[in-house]
Amino acid sequence: MKYSILKIASILGIKNQNIAEGEISLLLTDSRKLSSPQETLFFAIETKQNDAHKFISDLYGSGVRNFVVTKLFPEWKSFTDVNFLKVTNTLHALQKLAAYHRKQFSIPVIGITGSNGKTIVKEWLYQLLEEDYNITRSPRSYNSQTGVPLSVWEMTENTTLAIFEAGISQPDEMKYLEPVIRPTIGVFTKLGEAHQENFSSQQQKCMEKMELFVNSNVFIYEEDNKIINQSADRMVLSQKSFCWSRKDPDAPLYIRKTEKNGNKTTIHYSFLNFEYSVSIPFTDEASIENAISCLAVMLYLNVKPGTISERMMKLEPVAMRLDVRQGKNNCTIINDTYNSDINSIKIALDFQQQRKVEQSLKKTLIISDILQTGLLPKSLYKHVAELVQQSGIEKLIGIGHDICENSEVFTVREKHFFRSTEDFIRSNTWKEFENELILLKGARRYHFEQINELLEQRIHETVLEVDLDALVHNFNFYKSRISPQTKLICMVKANGYGAGAVEIAKTLQYHRCAYFAVAVAEEGIELRKEGISTPIIVLNPEVNGFEELFSKDLEPEVYNFRILDAFIREAERRGITNYPIHLKIDTGMHRLGFLPAQIPELLERLKSQKGLKVKSVFSHLAASESWMFDSFTQEQIDIIDVAHREIGEKLGYPVWKHILNSAGIERFINAQWDMVRLGIGLYGVSASGLNGLKNVSTLKTTILQIQEIPNHETVGYGRKEALNRDAKIATIRIGYADGLDRKSGNRKGKVWINGKYAPIVGNVCMDLCMIDITGIDAKEGDSVIVFGENLPVLEVAESIDTIPYEILTSISPRVKRIYVKE
Ligand SMILES: *Cc1c(COP(=O)(O)O)cnc(C)c1O
């Protein structure tokens, strides 16, 4: 659907302004996701971390002509044929426009909120109802203040049912989302602890969420939850309730009992005095509750119980995330098994585009037929072809009947089409893939996991799973604590604290990290090779690596006269002037750096040369995490402050100053100055015990064998420990060669398996170790967590008297890193 820009101006209440003509079909809040500039309206949203007004010049350069802003900059005066719609709050303007769009439809709209399960319930409802309706729904979990309006904007003339989720993290947010979604059917999934820190009580959070349903016709929720029930009463929502209960036979939907049987669960229920049952192919509690929510919605929509049970048995798990894996022949595979519809294709292509820094890799898309869009195949594939064109795909593999029929609309130079996944696999063309960045995007019924299986390189079943969303969350978390003027240096030394420097840097570069720091030149060179253009500091440069430093634009830390003199000589020999360096001052750590007493001599040398220019003066804190040494830390801060002033005055040009590491940022924010250096916090560990970080890395392995071992037997090398009871012992595929510290043996360390802890028994072997799983429900092949969300690195470190840094950086290179992203 298109709106004229004039119409949009009037919706936003803008009067008396000259407006050039234009038709808008796309709303944009993230300048990196630009696709069709002429049809785009950009909302310059200001947040604590960012002010999007700064991207407007670039967007203008790319052809965007319509902007919603809160202020006007003089440099935009020269722009021609451009509309600036000036409002007081761009986010509210976006919401207002989406709310107007929403009002154009009188169709059922399902609004979902709750603490967990929103996305699953939304996706399952989609799976269950897609035969009956043309559904528009939030892509992935677009449920925020900006995500919701962007989702609602996707409703078109063809939409006959819409499903949106809304999430809030702070009081007062829901009142802005309610008019945007204006659900006719409200669903409350589950109430949990997430985002509790910003609310005074569970009840307050619950009532705040329920604001979404004040205008809906029906409200679906679980009656047995006391807080939800009380909140519904207090908000006078109970009159229109359609609640379900396991205890109250008078509830509109009474769940008589649930029965688990093998890998399915049967739910017996009463509805309008009749008794029915449905089965779902899941047995976990969360899935059962989510299925009951879906059941209630289906019953409310008058779907026949027989149809419901047919469809429920076919429910499929929802892949919540995209993952990136190493493929054979130097390919990288982006695996997106999420439902294949236009929205999710756009998102996946964006993600691939965002990784275009891998210039050396050819961009390949393997895509199946797209099901259930309500569009005629001809116009559907024309649209897909446009998206494919815009995102610079170089090679296309289309799989399915419809895409074959429409193969001519694709303008990609190299294209191949197959009727089925089996045809593609039989063709053997996949064996020729080499140096490609392959996006796998198929509707569920095409079973692209078979293709993934063929392309993926499998080395070792022990993997380190790195959650890139959590990384970005932590990055933004620290960014929101520092002032917008302070530059954030992200430490990616030691292979990004073990998580993989290249992937980490690519992700953070995309999120506009100001600087990276590595320990040695080789690490910086590797990043440059992979397309990282962000400035990089090398902390411990050596004299014989200068050539590469200069040619790769790496900025060295200079910490003594030997390095300084050698570097000056090299720069002068090459005729280089003003090469950026960072001066390290030793303020008490006594590791590297000039002592304060050496500063006069240092200044003399610096003033007598032209090769180098000091970009920053910095120091490193020795005990920033420990309150016992706070006066020492303060002294270090004072010393660098004085040193910086002296150096700046004598050099006669501005020089930046920095000292804070992660714990420093957490505890000495007044010393943030020009830059801060974020290390371990980025990877999810707070040295000072701060709440709000997300776990980034999960070390996972699998059970190879389970045996019942009788009392008094010993387990493992050296017969270190005799069992004091009969025990169930599992052997898992990780040993000290993978980075599992040998000190974790003999019950010092533990792992997390199927929701329980299991101690490591006996000595850790090179490639394996044994765990005691007596009383734990587990089978061979089950996944075992060595550290992760439920077993924090900090705890693992404490169990063997070390620090999280060592645990993270000891993981051997043979452990495959897998990157996941929602
Ligand atoms: C490693 C390092 C940091 C980061 O320290 P964290 O405690 O991980 O935040 C900062 N500055 C320097 C010089 C470092 O070597």
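The values are calculated or read from the model by the stated rules, or taken from the named source; none is laboratory data. All values derive from a computational prediction rather than experimental measurement. FYI the Cβ positions are ideal-geometry reconstructions off the backbone, even for glycines, and counts take in every protein chain you see. Calculation scope for accessible area: heavy atoms of the full protein, side chains included, ligands and nucleic acids excluded. Shrake-Rupley method; radii C 1.70, N 1.55, O 1.52, S 1.80 Å.
Per-structure values
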{"read-out": "Surface per residue (accessible, 1.4 Å probe) for the chain, Å²", "value": "43 Å²"}
{"read-out": "Between segment 529-549 and segment 407-453, the alpha-carbon center distance in angstrom", "value": "39 Å"}
{"read-out": "Difference of contour (0.36 nm per residue) and Cα-Cα distance, LYS260 to THR702", "value": "156.6 nm"}
{"read-out": "Kirkwood hydrodynamic radius of the chain, Cα pairs, Å", "value": "29.9 Å"}
{"read-out": "Sites GLU75 and LYS613 - FRET efficiency at Förster radius 45 Å, r taken between beta-carbons, to 0.05", "value": "0.95"}
{"read-out": "Whole-percent carbon and sulfur share, accessible surface of segment 3-93, 1.4 Å", "value": "48 percent"}
{"read-out": "Contour excess over end-to-end distance, with Cα ends at HIS447 and ASP58 and 0.36 nm allotted per residue", "value": "136.0 nm"}
{"read-out": "Pairs beyond 29 Å (Cα-Cα), from LYS431/LYS529; LYS487/LYS700; LYS118/LYS415; LYS118/LYS304; LYS264/LYS700", "value": "LYS487/LYS700; LYS118/LYS415"}
{"read-out": "Segment 84-176: GluC sites (Glu not before Pro) in DSSP loop, at most 10 other beta carbons within 10 Å", "value": "GLU131, GLU157"}
{"read-out": "Low-density loop cleavage sites - GluC sites (Glu not before Pro) in segment 525-588, where at most 11 other Cβ are within 10 Å (DSSP)", "value": "none"}
{"read-out": "Of all accessible heavy-atom area on segment 322-458, the percent that carbon and sulfur account for (1.4 Å)", "value": "47 percent"}
{"read-out": "Separation in nanometres of the label points that stand 7 Å from Cα toward Cβ, at LYS175 and SER279", "value": "5.0 nm"}
{"read-out": "Pair ASN89, GLU713: separation of 7 Å Cα→Cβ label points (nm)", "value": "6.7 nm"}
{"read-out": "Label-to-label distance, nm, for residues given as ASP565 and GLU547 (7 Å Cα→Cβ offset)", "value": "2.4 nm"}
{"read-out": "Sites THR802 and LYS240 - FRET efficiency at Förster radius 60 Å, r taken between beta-carbons, to 0.05", "value": "0.55"}
{"read-out": "Pairwise centroid distance, computed over Cα atoms, of segment 761-822 with segment 624-656, Å", "value": "40 Å"}
{"read-out": "Computed lengthening from SER631 to LEU454, 0.36 nm per intervening residue step minus Cα-Cα distance", "value": "57.8 nm"}
{"read-out": "Heavy atoms of LEU693 accessible to a 1.4 Å probe, total area in Å² rounded to 10", "value": "40 Å²"}
{"read-out": "Dipole in debye (nearest 20) - the chain, about Cα centre, beta carbon charges: Lys, Arg +1; Asp, Glu -1", "value": "1060 debye"}
{"read-out": "Inter-part distance where segment 670-690 and segment 1-77 are each reduced to a Cα centre, Å", "value": "35 Å"}
{"read-out": "Solvent-accessible surface (1.4 angstrom probe) belonging to CYS513, in square angstrom, nearest 10", "value": "10 Å²"}
{"read-out": "Within segment 105-312: Cβ-based charge dipole about Cα centre, in debye rounded to nearest 20 (Lys, Arg +1; Asp, Glu -1)", "value": "200 debye"}
{"read-out": "Low-density loop positions, GluC sites (Glu not before Pro), segment 413-481 - DSSP coil, at most 12 other Cβ in 10 Å", "value": "GLU434"}
{"read-out": "Greater than 25 Å apart at Cα, pairs in LYS122/LYS362; LYS2/LYS209; LYS7/LYS103", "value": "LYS122/LYS362; LYS2/LYS209"}
{"read-out": "Test item: Cα-centred dipole of segment 711-821, Lys/Arg +1 and Asp/Glu -1 on Cβ, debye", "value": "200 debye"}
